[in-house]
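*Asks:* The structure is given below, and queries will be raised subsequently.
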Ligand SMILES: [Zn+2]
């Protein structure tokens, strides 16, 4: 009798879970991705035409954040990113031949030229900016027209740039401010689609707020005791805002950013 594996089964950004938001157990297939070899944890896609198994439901992964521990979220994050990577590397990017999965590593290998494609993460900085002892800069994303939520300055690290340079550049581009005392806080894998969020805190140095209108629709310094709607618990942005305004730990060696 074959052993059952704990399964992360996705349809795009939705995951199959039972009514208690727990993962199903299934028989493994050769095409599954092993998340932790030996641990019987697998990831696979549920294709659009496949029926949803009895007793299970598809739930957006962002919604599951609130029910899960950090470890569960990180494993789900790994599963979703590996599936996305495998789906997007069916052909060799060097010569165009159909690739094959490596038998033991997470690598898609070209049988013609041997080129190996590995999963990649996109480094993305996120910065919490304070002014004086009681003010925090929060910005409203221009693409978010459905809520009044204010978040933090964030953006992708460019080729050849240090993380601190990315923090300075994004802040100048998005809100026109200069920073001082940039310090690393924590990091969080964020599988939408495959980012590594690298968190910094910084202090306002100079400048007037000037919005990059295609990215930011509003930005203001808010008093710590008078904040607008902020990102949901479970996101690193939430932990960073609570860290500077309430003195909560943003991360420690047990990764307790939740
Ligand atoms: Zn090739």
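The values are calculated or read from the model by the stated rules, or taken from the named source; none is laboratory data. Here the structure is a predicted model, which means the values were calculated and not measured. So basically every Cβ, Gly included, is an ideal-geometry build from the backbone, and we count neighbours across all protein chains shown.
*Asks:* What is the one condition in (1) over 15 Å from the mean Cα position of the chain (by Cα); (2) surrounded by fewer than 13 Cβ atoms within 10 Å (Cβ to Cβ) that residue 60 does not satisfy?
*Replies:* (1)
*Asks:* Regarding segment 12-27, can at least one residue be identified that is farther than 18 Å from residue 189 by Cβ and within 16 Å of the ligand (Cβ to nearest atom)?
*Replies:* no
*Asks:* Give the residue that is farthest from the ligand (Cβ to nearest atom), with candidates limited to residues of segment 91-114 that are surrounded by 15 or more Cβ atoms within 10 Å (Cβ to Cβ) and touching a residue at least 12 places away in the same chain (Cβ under 8 Å). Steps first, answer last, please.
*Replies:* Taking segment 91-114 first, the residues surrounded by 15 or more Cβ atoms within 10 Å (Cβ to Cβ) are 92, 99, 101, 106-110.
Filter again for touching a residue at least 12 places away in the same chain (Cβ under 8 Å), leaving 92, 99, 101, 106, 108, 110.
Details: 92: 3, 99: 8, 101: 15, 106: 18, 108: 10, 110: 3 Å.
Step by step, filter segment 91-114, then rank; the result is 106.
*Asks:* Looking at residue 55, is it modelled with pLDDT of 90 or more, part of a loop (DSSP other than H, G, I, E, B), farther than 18 Å from residue 235 by Cα and not assigned by TED's automatic domain parsing to the domain that holds residue 26? Can you show your working first?
*Replies:* Details: modelled with pLDDT of 90 or more: yes; part of a loop (DSSP other than H, G, I, E, B): yes; farther than 18 Å from residue 235 by Cα: yes; not assigned by TED's automatic domain parsing to the domain that holds residue 26: no.
Against the criterion (modelled with pLDDT of 90 or more, part of a loop (DSSP other than H, G, I, E, B), farther than 18 Å from residue 235 by Cα and not assigned by TED's automatic domain parsing to the domain that holds residue 26), residue 55 does not qualify.
*Asks:* Here's a follow-up. Within segment 142-151, identify whether any single residue is more than 23 Å from the chain's Cα centre (by Cα), surrounded by fewer than 18 Cβ atoms within 10 Å (Cβ to Cβ) and farther than 24 Å from residue 239 by Cβ, and answer yes or no. So that I can check it myself, show each step before the final result.
*Replies:* Here is the first cut: in segment 142-151, the residues more than 23 Å from the chain's Cα centre (by Cα) are none.
No; the residues of segment 142-151 include none that is more than 23 Å from the chain's Cα centre (by Cα), surrounded by fewer than 18 Cβ atoms within 10 Å (Cβ to Cβ) and farther than 24 Å from residue 239 by Cβ.
*Asks:* Please determine whether any residue of segment 60-72 is assigned to a loop (DSSP other than H, G, I, E, B) and on the phi < 0 side of the Ramachandran plot. Steps first, answer last, please.
*Replies:* Residues of segment 60-72 that are assigned to a loop (DSSP other than H, G, I, E, B), as a first pass: 68-69.
Next, only the ones that are on the phi < 0 side of the Ramachandran plot stay: 68-69.
Scanning segment 60-72 turns up at least one residue that is assigned to a loop (DSSP other than H, G, I, E, B) and on the phi < 0 side of the Ramachandran plot.
*Asks:* Next question. On the basis of being loosely packed, with under 13 Cβ neighbours inside 10 Å and more than 20 Å from residue 232 (Cβ to Cβ), does residue 183 make the cut? Write out each step before concluding.
*Replies:* Working: loosely packed, with under 13 Cβ neighbours inside 10 Å: yes; more than 20 Å from residue 232 (Cβ to Cβ): yes.
Yes.
*Asks:* On to the next question. What about residue 170, is it within 16 Å of the ligand (Cβ to nearest atom) and either under 29 Å from residue 185 (Cα atoms) or exposed (fewer than 15 other Cβ atoms within 10 Å of the Cβ) (or both)?
*Replies:* no
*Asks:* Restricting attention to segment 115-133, which residues are touching a helix residue (DSSP H, G or I) at 6+ places or on another chain (Cβ under 9 Å), at pLDDT 95 or above and more than 16 Å from the ligand (Cβ to nearest atom)?
*Replies:* Those that are touching a helix residue (DSSP H, G or I) at 6+ places or on another chain (Cβ under 9 Å), at pLDDT 95 or above and more than 16 Å from the ligand (Cβ to nearest atom): 123, 124, 125, 126, 127, 128, 129, 130.
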